[in-house]
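Accompanying notes for the structure given below.
No value in this document is a laboratory result; all are computed from the given coordinates. Note that the coordinates shown come from a computational prediction; the quantities given were computed from them, not determined experimentally. Cβ: placed from backbone, ideal geometry, glycine included. Neighbour counts: every protein chain shown.
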Amino acid sequence: MTEQLMLKQALTLLLEKIINKALSLNINDNTELNGLNNKCLTLNLAELNFPLSFIVYQQQILVNSLAENSDCTITTSLKTLKDLQKNQQLTELIKQDKLDINGDIKLAQQFANIAQNLSIDWQSELAKHMGDIATYKLGRVAKTLANKFDFFKNQVQADSSEYIVHEQKLVVTKHQLNDFYQQVTQVSVKTDTLMQRLDALTKK
Amino acid sequence: MSAPEQQNNQDNSTHFGYKTVDKSEKASMVAGVFHSVAKQYDIMNDLMSFGVHRLWKRFTIDASGVRPGNKVLDLAGGTGDLTAKFSKLVGKEGKVILADINSSMLNVGRDKLRDKGLVQNIEYVQANAEYLPFEDNTFDIITIAFGLRNVTDKDKALASMYRVLKPGGRLLVLEFSKPEHELLNKAYDFYSFNILPKMGELVAKDGDSYQYLAESIRMHPDQETLKEMMNNAGFEQTSYHNLTGGVVALHKGYKF
């Protein structure tokens, strides 16, 4: 069914369009692509059951799901890719078996450089379609919203960590719970003994 | 040889849509259709298929297993959608031949690809699929997308493709086929005979050509028949994938 709906092809088509549009809007130059002509980087993501191959053709990147001619194959998950972006902890992730690289590691670094080098001037792109004034106003609104969102996010994070710290003091610990169970058992034993004595006295 | 083809071979007649015509006439009649629609072909493809033809073609490329250095024949290649992709994937060492029987389609395809800067590894050949002007065992991959149903003698064309394929090479036939579900079949019929010709009239100013398109799809062999025809031509490990509920099928066969 998935094959009939061609989800794989739809995803590669969409990715190819987005990547090449981003490259065409990049305010930095894409000179790094020149040295990579016909090179192929393949990503095997745990979340997908097919590979994603990125092939450099002149100043463009083609995306398909053919993995046979790859110069470098990276096997990982989307989450690990995010971690990699944040912390640059390549060696650590390889040691933890969260990331596997086969082939030319330099190629992977060059692709990463291209991605890091991407910078799009959204305001001037929008201004081409909406005009300068509307873009400026939209930019201000977006900036205000982004600031508010950041504030809200930070506030929620601070509140929740504070809540956790204070509430933690009130929460029954495992040790206390075990003590309580022990005391209940002792009381239970004592009541049983008392019942036996009462039974014996009543019989007399 | 398929039953209808066999019968047509005996009485020297064939189909042109729902009409039965003399075999010698079909090629020129089909040529007339494509001379007429060539300039609007890409726009009409997008409109008629709602852009899904791009995914069908992408599926074909993925199924081809193309490698750098391969020699590919894009038969009935028309405006060169598959050629453009193959050209990028086979690289400098490879070669793609865009072949079409129709000069108008070939001209539109050549202009489009040159405008995209695709020149280094593409050649253009005006050729009839039944009599391919290439040496035996020349190509690693042959594709024919939405072209086989317009060929007068399909068996002869398949045999010709088999001849020019290298041993180990593969043929991929992307073509309209028979929808798997009756409800989809009815909706597809309604769309093909009521909406498609009107769209053709409105956009390409040529309703008749799109009426022919709808009729030629219905007259084209279904999935199993085409598979059998490929087997008869000598192809091995033949298989097909239904796409979009069988509206389109991709047949694949190897020459060993």
**OP:** Scan chain B and note any complete DSSP helix (H) whose C-alpha atoms cover at least 20 Å along its axis and whose Kyte-Doolittle average is -0.5 or more.
**Re:** B:23-37
Subject >> Bins of 10 Å from zero: percent of alpha-carbon pairs in chain B >> reply: 7, 32, 40, 19, 2
Original post:
After finding the eigenvalues of the alpha carbon gyration tensor for segment A:122-171, what semi-axes result from the square roots of 5 times each, listed largest first in whole Å?
Top reply: 42, 7, 5
Original post:
If only Cα atoms are counted, what is the Rg of segment A:49-170, and what is its Dmax, in Å?
Top reply: 21.3, 64
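For segment A:64-112, what ratio Rg/Rh do Cα atoms give with a Kirkwood hydrodynamic radius?
My calculation puts Rg/Rh at 0.96.
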Original post:
Which ³J(HN,Hα) values, rounded to whole Hz and listed in residue order, are derived for segment A:198-204 from phi using the Karplus coefficients 6.51, -1.76 and 1.60 in 6.51 cos²θ - 1.76 cosθ + 1.60 with θ = phi - 60°, glycine and proline given as x?
Top reply: 4, 4, 5, 5, 5, 5, 5
Original post:
How much mean residue ellipticity at 222 nm does chain A get from its helices, if each DSSP H run of length 4 or more adds -39500 (n - 2.57) and you divide by all residues, to the nearest 500 deg cm²/dmol?
Top reply: -21000 deg cm²/dmol
Subject >> Karplus (6.51, -1.76, 1.60) ³J(HN,Hα), θ = phi - 60°, over segment A:156-161, in Hz, Gly and Pro reported as x >> reply: 4, 4, 5, 4, 5, 5
Original post:
Whole number please: convex hull volume per residue of the Cα set in the protein assembly as shown, in Å³?
Top reply: 292 Å³
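If you take the C-alpha gyration tensor of chain A, multiply each eigenvalue by 5 and take the square root, what semi-axes do you get, largest first, in whole Å?
Semi-axes, largest first: 60, 29, 17 Å.
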Original post:
Past the 19 Å Cα-Cα mark, which pairs from A:K21/A:K79; B:K178/B:K227; B:K154/B:K255; A:K8/B:K255; B:K154/B:K205; B:K71/B:K156?
Top reply: A:K21/A:K79; A:K8/B:K255; B:K154/B:K205; B:K71/B:K156
Original post:
Roughly how many debye, to the nearest 20, is the charge dipole of the protein assembly as shown about its Cα centre, given +1 on each Lys and Arg Cβ, -1 on each Asp and Glu Cβ, and no other charges?
Top reply: 1320 debye
**OP:** Averaging over all projection directions, find the projected area of the Cα convex hull of segment A:2-120 and quote it in nm² with one decimal place.
**Re:** 7.5 nm²
